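Below is one structure, written out as C-alpha cells; the observations come after it.
What follows draws every value from the coordinates through simple rules; no lab data is involved. This is a predicted model, so every value here is computed, not measured. Cβ coordinates were reconstructed from backbone atoms using ideal geometry, including for glycine residues, and neighbour counts include every protein chain displayed.
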Amino acid sequence: MKCPFCGYEKTKVIDSRQSEGKKRRRRECPQCGKRYTTYEVVEKPTLLVIKKGGGFEPFDRSKLIAGIMSACKKRVISPETVEGIVDGIENRLQNEMRTEVTTSELGDNVLTALKDIDLVAYVRFASVYKDFNDLDSFIRIIRELNK
C-alpha cells in the first residue's frame with residue numbers, strides 16, 4: 001500500500017478489525033511517520049440474467065421482489081419473508097461467484113422457497129412463471145402438490 005502523504009511503497013499495518021462489513025486497517029508509513037486508515041471490501045461480480053430469448057439484463061432484485069409480492073397478494077406473507085427469499089437466492093449466487101443466471105433458475109429457486117411458505121402463492125407464481133394458458137396446467141400442478 002502506497003502512503004498517500006509521501007508515496008512510500010512499504011507501509012505497515014498497525015491495527016486491523018471488522019467495521020460495518022468491511023476490513024478496517026490502520027496503517028503507518030515508516031518513512032514519514034504519518035498514519036491513515038484504509039478499508040478492504042470484497043468486490044462482488046455483476047450478476048446478469050439470461051432471458052428466455054437469449055438476451056441479457058442486469059439482475060434487479062426489486063423486479064424479483066415485485067413478482068413474488070404479486071403472487072403473495074392478499075396472503076399472510078410478510079415483506080420481510082419475501083426479502084428473505086430474494087436475499088437467500090442472491091447470497092447463494094454471490095457465494096458461488098456466479099456472473100450469469102437464467103430466468104428459469106431464478107424462477108425454480110423462488111418456487112422452491114414458496115412451496116415451503118404458502119402453496120397458494122406457489123401456484124400463483126408458477127402460473128405466471130410457467131406460463132399457464134389453460135385449466136389443465138392448474139389442475140396438474142395442484143395434483144402434484146397433493147402428492
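Computed quantities for the displayed model
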{"quantity": "Residues in the range 30-50 reached by a label modelled at Met1 [backbone nitrogen below 18 Å; 7 Å Cα→Cβ]", "calculated": "30-43"}
{"quantity": "Extension gain (nm, one decimal) between Lys34 and Ile142, 0.36 nm per residue minus Cα-Cα", "calculated": "32.0 nm"}
{"quantity": "Net charge of neighbours whose Cβ lies under 13 Å from the Cβ of Cys6, counting Lys and Arg as +1 and Asp and Glu as -1", "calculated": "+3"}
{"quantity": "Formal net charge of residues neighbouring Pro45 (Cβ-Cβ distance under 14 Å; K, R +1; D, E -1)", "calculated": "-1"}
{"quantity": "Cross-link pairs Lys44/Lys115; Lys73/Lys115; Lys2/Lys34; Lys22/Lys115 - those with Cα-Cα distance over 24 Å", "calculated": "Lys44/Lys115; Lys22/Lys115"}
{"quantity": "14 Å beta-carbon shell around Leu106, net charge (K/R +1, D/E -1)", "calculated": "-1"}
{"quantity": "Relative contact order, percent, the range 1-135 [alpha-carbon distance under 8 Å, six or more residues apart]", "calculated": "17 percent"}
{"quantity": "Separation between Cα centres of the range 75-106 and the range 37-62, rounded to whole Å", "calculated": "13 Å"}
{"quantity": "Built amide H within the under 5 Å cut-off of Glu100, gap 5+", "calculated": "Leu48"}
{"quantity": "The range 1-42: relative contact order in percent, alpha carbon pairs under 8 Å with at least 6 residues between", "calculated": "32 percent"}
{"quantity": "For q = 0.17, 0.33, 0.34, 0.35 Å⁻¹, Debye-computed log10 I/I(0) when each Cα of the range 1-42 counts as one equal scatterer", "calculated": "-0.43, -1.09, -1.14, -1.18"}
{"quantity": "Square roots of 5 times each gyration tensor eigenvalue, C-alpha, the range 32-147, largest first, Å", "calculated": "36, 17, 11"}
